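The values are calculated or read from the model by the stated rules, or taken from the named source; none is laboratory data. Keep in mind that what you see is a predicted model, and the values were worked out from it rather than measured. Note that each Cβ is placed from the backbone with ideal geometry, even for glycine, and that neighbours are counted across all protein chains shown. Note: areas computed on protein heavy atoms with side chains; ligands, DNA, RNA excluded. Shrake-Rupley method; radii C 1.70, N 1.55, O 1.52, S 1.80 Å.
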Amino acid sequence: MMKYNILYIMLSLSACQSRQQVTAPISTIDSTLQTNATAILGSKLSEINAQSGQVIVMEVQTGQIKALVGLTRKDSTNYQPCENFSVWQSTGLMHPISLLAALETGKVKLSDKVDTGDGIYQVHGRELKDHNWHRGGYGELTVQEGLAASSNIATYKTMEKAFGDNPQTFFDLLANMSYGKPDSINGIVSLQPYKITEKNITWNCIGYEQLISPIQVLTFYNAIANDGKMIQPQLYKDSVVVINPQIVSRAGIDSLKKALVFNITNGLCQPAKSDKTTVAGKQGTIVVSTDNGNTVYSVEFCGYFPIDNPQYSIIVSINKAGLPASGGLMAGDVFRQIVDTMNF
């Protein structure tokens, strides 16, 4: 009887271990890519004296997260890992998303002309400025050129043409496009749902008056790369979960893809251009806080590659105090360096 009991216990333990092996979650993280992305981001944060930064690399078709890097300042020269991937703030990467909504109305084309004037535009008693307003602005541009120049005025005037006196249509389209999803991701603690703090199309369309995390922005850009199919990001290997099978029409997606390529080849984000592959994406710079005269900027880049058959999407988001602050020169350069280390 004793031998039987021992044999039974051993068989039971073996079966239990087998079940554990079957059910234990398997990480999607690529350790080599994680190490490389951490080093590249850390070097850039130190170079520009930033407060913190994030890099997330995701497979376009599966949503599997291949690198998830967060670093925050420990002291004047060192940065330490930070697991807070639910950072909730305004985003400078809103321009293409607003343009996509405008394109979907059928009232706007990339070739349409828009006059940005001298870089300062009065909207309901407030000044909307382009980053080069002190140099006289951009004057007349096409919608596509306006995106490549990161012109706030071009984006807003495009929205005016598309949505007129019915801005609610814009917010309805954002909801239909699943902008701000997902509300939760297994393995990422305290991810908060996207929130509009004040409905004001003037500022919402360029990223203000809203709170969103980098991984939620990446989810949307990944859907653009995926021809409009939005996939749930995942940290553990599982079946693919579709959030939205088609966020907008293929015609709208194709137009925006064209504009995102033009932004790299002819726009402000040529620092993100890789010699190894073709890339598309958008840079952004936005004020996220002003405390006692200390202005903190978020400099960002989000893009995907290769453009003909996108395999990966990447977001780089860096918070730094004071100027200079450039999404293209800073975050775009991190993107390029990471792309150049990858095998695909």
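If one takes the longest principal axis of the Cα atoms in the chain, at what angle in degrees, from 0 to 90 and to the nearest 10, does the Cα axis of helix 250-266 lie? It is inclined by approximately 80 degrees. The mean sequence separation of alpha-carbon pairs under 8 Å and at least six residues apart, normalised by the residue count of the stretch 151-288, gives a relative contact order of 17 percent. Karplus-based coupling profile of the stretch 90-102, in residue order and whole Hz: 5, 10, x, 9, 7, 3, x, 5, 5, 4, 4, 4, 5, with θ = phi - 60° in 6.51 cos²θ - 1.76 cosθ + 1.60 and x standing for Gly or Pro.
Here the calculated FRET efficiency for Asn309 and Gln80, from their Cβ-Cβ distance with R0 = 45 Å, stands at 0.75, rounded to the nearest 0.05.
Could you tell me what a quarter of the Cα convex hull surface of the stretch 183-262 works out to, in nm² with one decimal place?
On the way: hull surface 25.6 nm².
Taking the Cα atoms of the stretch 183-262, their convex hull projects to 6.4 nm² on average.
Across Trp203, Trp133, Trp88, the residue with the most accessible area heads the list, and the full order at a 1.4 Å probe is Trp133, Trp88, Trp203.
How high is the FRET efficiency between Asp254 and Ser190 when r is their beta carbon distance and R₀ equals 41 Å, given to the nearest 0.05?
0.65
Pairs with C-alpha atoms separated by more than 18 Å, drawn from the list Lys66/Lys195; Lys109/Lys129; Lys157/Lys181; Lys181/Lys237; Lys181/Lys229, are Lys66/Lys195; Lys109/Lys129; Lys157/Lys181; Lys181/Lys237. Candidates (1) 39, 23, 19; (2) 32, 25, 21; (3) 25, 25, 20; which is the computed semi-axes √(5λ) of the Cα gyration tensor in Å? Checked against the structure: label (1). Remark: the stretch 79-164 is approximated by an ellipsoid whose semi-axes, taken from the C-alpha gyration tensor as √(5λ), come to 26, 18, 12 Å, largest first. To the nearest ten degrees, helix 31-48 and the longest principal axis of the Cα atoms of the chain are 40 degrees apart.
Taking a point 7 Å from the Cα of Thr35 along the Cα-to-Cβ direction, the residues of the stretch 65-104 with backbone N closer than 18 Å to it are 66-70, 81.
Carbon and sulfur together cover what percent of the accessible area of the chain at a 1.4 Å probe radius?
Values: 7840 of 15640 Å².
C and S atoms contribute 50 percent here.
Between Lys237 and Asp115, the distance separating the two model label sites (each 7 Å from Cα on the Cα→Cβ line) works out to 5.9 nm.
3J(HN,Hα) along the stretch 275-287: 7, 8, 7, 8, 10, 9, x, 9, 9, x, 9, 8, 7 Hz, from the Karplus curve 6.51 cos²θ - 1.76 cosθ + 1.60 with θ = phi - 60°, whole Hz, x for Gly and Pro. FRET efficiency for the pair Glu127 and Thr169, taken as 1/(1 + (r/R0)^6) with r the Cβ-Cβ distance and R0 = 35 Å, rounds to 0.85.
The packing ranking of peptides 123-132, 266-275, 311-320, highest mean first, is 311-320, 266-275, 123-132, where packing means the average number of other beta carbon atoms within 10 angstrom of each residue. Using a simple spin-label model with pseudo-atoms 7 Å out from Cα toward Cβ, Ser43 and Thr278 lie 2.8 nm apart.
The residue list Pro245, Gly328, Gly187 was ranked by how far each Cα lies along the charge dipole of the chain toward its positive end, using unit charges on Cβ atoms, and Gly187 comes out on top.
With runs of 4+ DSSP H residues as the only contributors, calculate the mean residue ellipticity of the chain at 222 nm using -39,500 (n - 2.57) per run, divided by the residue total and rounded to the nearest 500.
Working: 10 runs with 120 residues, N = 344.
It lands at -11000 deg cm²/dmol.
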